[in-house]
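What follows is a single structure, written as structure tokens, with notes after it.
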Amino acid sequence: MVDIVAIDGPAGSGKSSVSKQVARDLGFGYLDTGAAYRALAWAVAEGVVSSDPTPNLDQFDYSISLDPDAFWVRVGEFDVTAAIREPRVAENVSKVAQVQEVRAFMKQLTRDLVSNSGFAGVVVEGRDITTVVAPDAKNRILLTASEEVRLRRRSAELTPAQAAEVSKQVSDRDKSDAKVVDFMTPAPGVVLVDTSDLNFEQSVAAVRSLVERG
């Protein structure tokens, strides 16, 4: 049975970079579940997957690397690793993420990817991993930070105009997703790790120590 480290949290909390490094340190796989929602939003926007009125999930041929040092995302023959980070995708991802049929599909997709990963363990990060996808995982963590810190991290390498747009996207995405799942408050049994006053290395150490303690 694959050991799952379930990590949830809002955008800018550091969950992606921290999760990836923890996976490296432990020799685990790394699964970014948000990439699947982004890939579906891209596929709908490009007409690869029809949407009338909801995405036709039978057309969604999705694959992702779980190697933290060789990350890629594909939809059919298309490498969408970079494309799913484009602003036009970010603007539409919440629309598909709110569809209940999509969320049910993604839950099973995530479980299948973990089961077939070939790794002894997988660090799985997203918004509902600790509560919906892997509620029985031995390690369940909610990684968070203050809104000010999260926005500052997301905007650190951007121009003022880009930073303003990113801030709006982060805020809008959090508000939209919060209608579907509570990723700001730890559920019973979930450990809260606040990284507001921690640097990257300290955040990684905090999460890794929880996992190593079991």
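Every number in this text was worked out from the coordinates using simple rules, so none of it is lab data. All values derive from a computational prediction rather than experimental measurement. Cβ sites come from the backbone with ideal geometry, for glycine too, and all protein chains shown count toward neighbours.
Each Cα pair under 8 Å and six or more residues apart adds its sequence gap; the mean of these over the residue count of the chain is a relative contact order of 34 percent.
Amide H contacts of THR195 (H built 1.01 Å from N, in plane; Pro and chain starts excluded): THR144, ALA145 sit under 5 Å, all sequence-distant by 5 or more or on other chains. Taking the average, over residues, of other Cβ atoms within 10 Å as the packing measure, peptides 14-22, 74-82 rank 14-22, 74-82 from highest down.
Taken about its Cα centre, the chain carries a charge dipole of roughly 360 debye when the Cβ of each Lys and Arg holds +1 and the Cβ of each Asp and Glu holds -1. Distance between Cα centroids, segment 84-154 to segment 16-39: provide it in whole Å. Segment 84-154 and segment 16-39 have Cα centres spaced 10 Å from each other.
Given R₀ = 45 Å, what would the calculated FRET efficiency be for ARG208 paired with GLU77, taking r from the Cβ atoms and rounding to 0.05?
0.75
Using 0.36 nm per residue and subtracting the Cα-Cα separation, the extra length available between ASP69 and SER196 on full extension is 43.1 nm. Residues whose amide H lies under 5 Å from that of VAL123, counting only those 5 or more places away or on a different chain, are VAL5, GLY29, TYR30, LEU31; hydrogens are built 1.01 Å from N in the peptide plane.
Considering every Cα-Cα pair within the chain, what fraction, in whole percent, is farther apart than 31 Å? Value for the chain: 15 percent of Cα pairs lie more than 31 Å apart.
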